[in-house]
Amino acid sequence: MSLLKILRHAEWWEYKLPPLLSIGYATLILNDQPIFDHAATILMILLSLVVGAAYVSIINDITDIEDDLAAGKTNRMASASKGMRFLFPLICLLLGAAFIIFFYWPDYLSCFFYLMPWILFSMYSFRPVRLKNRGILGVFADAGGSHIFTSLLMVSSMCFVSGREVNYIWLVLVGAWAMCYGMRGILWHQFHD
């Protein structure tokens with residue numbers, strides 16, 4: 001069982017990270033900030049999002065084991081022991097909490113935007129809510145967790161580290177674009193499934 005396969009690195013990292021970088025760069029440019037002065041912050045944000053994405057990949061596979069086996073699909077977590085199925089998400093949750101406490105705090109808006117994908121994807125995967133099986137609610141949950149709140153996080157974090165107020169027009173425009181991009185992504189994924 002390869003860690004990179006469990007994290008589904010080939011399925012999303014190439015097309016989800018560049019738009020986030022673009023949003024971060026554009027926000028810095030709008031705030032008259034040099035991009036290179038905030039490179040370390042951008043990398044930390046991306047690292048925190050990778051931890052969240054790992055959590056999502058792991059819990060989605062864990063909660064889909066039975067359905068995937070019935071459909072004849074390969075499931076990366078099917079061969080993992082029950083202890084590992086508990087340990088992997090727990091490690092991700094602890095790392096996510098560490099990012100909130102040691103990196104995002106006291107930027108309350110960024111803490112909220114960072115926390116929302118964790119909540120949405122937990123509701124997307126876990127029963128009894130399992131938004132994944134609830135049509136358009138699942139589409140919105142996936143789009144919100146994978147694109148909307150991560151994009152808004154990039155805007156709020158770049159404003160915070162720049163010492164600038166959040167431009168709410170820019171925030172709304174980024175959120176609207178991210179919703180469209182996220183809905184396209186999950187619908188495309190479902191089409192291929």
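The values are calculated or read from the model by the stated rules, or taken from the named source; none is laboratory data. Remember, predicted model here, so these are calculated numbers, not experimental data. Here the Cβ positions follow ideal geometry from the backbone for every residue, glycine too, while neighbour counts run over all protein chains shown. For the accessible areas, the whole protein counts, side chains as well, though only heavy atoms, and no ligand, DNA or RNA atoms are used. Shrake-Rupley method; radii C 1.70, N 1.55, O 1.52, S 1.80 Å.
The single residue among Leu30, Leu94 that is more than 18 Å from the chain's Cα centre (by Cα), within 24 Å of Met154 (Cα to Cα) and not polar (S, T, N, Q) turns out to be Leu30. Looking at Ile148, Ile101, can you tell me which residue is without any contact (Cβ under 8 Å) to a residue 12 or more places away in the chain and open to solvent by 10 Å² or more (accessible area, probe 1.4 Å)? Answer to the selection: Ile101. Of all residues in segment 28-78, those satisfying the criterion of being outside any helix (DSSP H, G or I), among the charged types (D, E, K, R) and buried (at least 18 other Cβ atoms within 10 Å of the Cβ) are Asp64, Arg76. Scanning segment 151-193 for residues that are surrounded by fewer than 15 Cβ atoms within 10 Å (Cβ to Cβ) and modelled with pLDDT under 85 returns Arg184, Leu187, Trp188, His189, Gln190, Phe191, His192, Asp193.
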